[in-house]
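The values are calculated or read from the model by the stated rules, or taken from the named source; none is laboratory data. Nothing here was measured: the structure is a model prediction, and the numbers come from that model. Ideal geometry is used to build each Cβ from the backbone, glycine not excepted, and the neighbour counts take in all protein chains shown. Side chains included, ligands, DNA and RNA excluded: accessible areas come from the protein's heavy atoms. Shrake-Rupley method; radii C 1.70, N 1.55, O 1.52, S 1.80 Å.
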Amino acid sequence: MFDVLIIGGGVSGMSCALVLGSAKNKAFVTDKKIGIFTHQKNSSLQEAIFYNAYGITPGKLGSDLLIESSQDLAMTYPHISQIPNEKVIKVEGSFPEFTVTTNKNSYKTKNIVIGIGSANTFDIEGLMQYIEPHKKALPEKQRIQLKNDDHKVTDGIYVIGTLAGWRSQLAIAAGSGAAVATDILTLWNNGVQTHAHDSIR
């Protein structure tokens, strides 16, 4: 049983995983099992190049960023399970016990974070009822988002990045994933507002 499974290994998903990973020494996180599906075949980063993203060397290719972020997560926070090459096709159950089914396996989790982009090809069974037109995309692009209130779709299900209704900018997606990570940390900390900072002190 996972405490949280993140669906999507792009900017928002990786940012969420990194913040959760960085909280590993907090007493209320030490026993938590965290996983991320890093299936990235259709990520918009595959065709991206960055000149306007804080902290990223100008000219960085999105395809390289995808590879490097998975490697960095594995090296820095090896306690987070990366699940590559599996596509989520169904979500069943309700908080605090969901079943996430992929094309290869099924997993039990208490919480789900979805960050797989806003293409109208979204087809995860069990989540289709939350789809609505994207509020910040051009209508001709036919983008979608999941209905949410400050990233929360329903108890135990969160959405991040463009699928949460945010615009397609790396910095926005990263912040969205980090915001949900701190919401989950707050949940695990019995509702006490919580964040995770690294420090040289």
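Return the total of residues in segment 59-97 being among the polar types (S, T, N, Q), over 19 Å from residue 107 (Cβ atoms) and open to solvent by less than 80 Å² (accessible area, probe 1.4 Å).
The qualifying residues number 3.
So which of 186, 194, 101 is assigned to a strand (DSSP E or B), polar (S, T, N, Q) and more than 18 Å from residue 43 (Cβ to Cβ)?
Going through 186, 194, 101 in turn, just one is assigned to a strand (DSSP E or B), polar (S, T, N, Q) and more than 18 Å from residue 43 (Cβ to Cβ): 101.
Could you please find all residues in segment 12-43 being open to solvent by less than 10 Å² (accessible area, probe 1.4 Å) and assigned to a loop (DSSP other than H, G, I, E, B)?
23, 29
Sort through 119, 196 and tell me the only one that's in contact with a Ser or Thr (Cβ under 8 Å, 6 or more places away or on another chain), of a type in the set (A, V, I, L, M) and touching a residue at least 24 places away in the same chain (Cβ under 8 Å).
Exactly one of 119, 196 is in contact with a Ser or Thr (Cβ under 8 Å, 6 or more places away or on another chain), of a type in the set (A, V, I, L, M) and touching a residue at least 24 places away in the same chain (Cβ under 8 Å), namely 196.
Restricting the search to segment 98-137, which residues are of a type in the set (S, T, N, Q) and open to solvent by 50 Å² or more (accessible area, probe 1.4 Å)?
Once the filter is applied, which keeps residues that are of a type in the set (S, T, N, Q) and open to solvent by 50 Å² or more (accessible area, probe 1.4 Å), segment 98-137 yields 103, 105, 106, 120, 121, 129.
Does segment 149-175 hold any residues that are over 23 Å from residue 96 (Cα atoms) and either touching a Gly at 6+ places or on another chain (Cβ under 9 Å) or open to solvent by 20 Å² or more (accessible area, probe 1.4 Å) (or both), and which are they?
If the condition is that a residue be over 23 Å from residue 96 (Cα atoms) and either touching a Gly at 6+ places or on another chain (Cβ under 9 Å) or open to solvent by 20 Å² or more (accessible area, probe 1.4 Å) (or both), then 161, 162, 166, 167, 168, 169, 170, 171, 172, 173, 174, 175 are the ones that fit.
Among what's in segment 1-11 and is out of contact with any Phe, Trp or Tyr (no Cβ under 8 Å at 6 or more places or on another chain) and open to solvent by 10 Å² or more (accessible area, probe 1.4 Å), pick the residue that is nearest to residue 155 (Cα to Cα).
Applying the filter and picking the extreme gives 1.
Please specify each residue of segment 183-197 satisfying the condition of being open to solvent by 80 Å² or more (accessible area, probe 1.4 Å) and in contact with a helix residue (DSSP H, G or I) (Cβ under 6 Å, 6 or more places away or on another chain).
193, 195
May I ask you to list pairs of residues, at least six apart or on different chains, whose Cβ atoms are under 6 Å apart, with the first in segment 128-150 being closer than 17 Å to residue 116 by Cα and part of a helix (DSSP H, G or I) and the second being open to solvent by less than 50 Å² (accessible area, probe 1.4 Å) and modelled with pLDDT of 95 or more?
130/146; 130/153
Please enumerate the residues belonging to segment 151-175 that are assigned to a loop (DSSP other than H, G, I, E, B) and either within 28 Å of residue 54 (Cβ to Cβ) or small (Gly, Ala, Ser) (or both).
The answer is 151, 156, 160, 165, 166, 167, 168, 169.
Just checking, how many residues over segment 44-58 are polar (S, T, N, Q) and either open to solvent by less than 30 Å² (accessible area, probe 1.4 Å) or in a helix (DSSP H, G or I) (or both)?
So the count comes out to 2.
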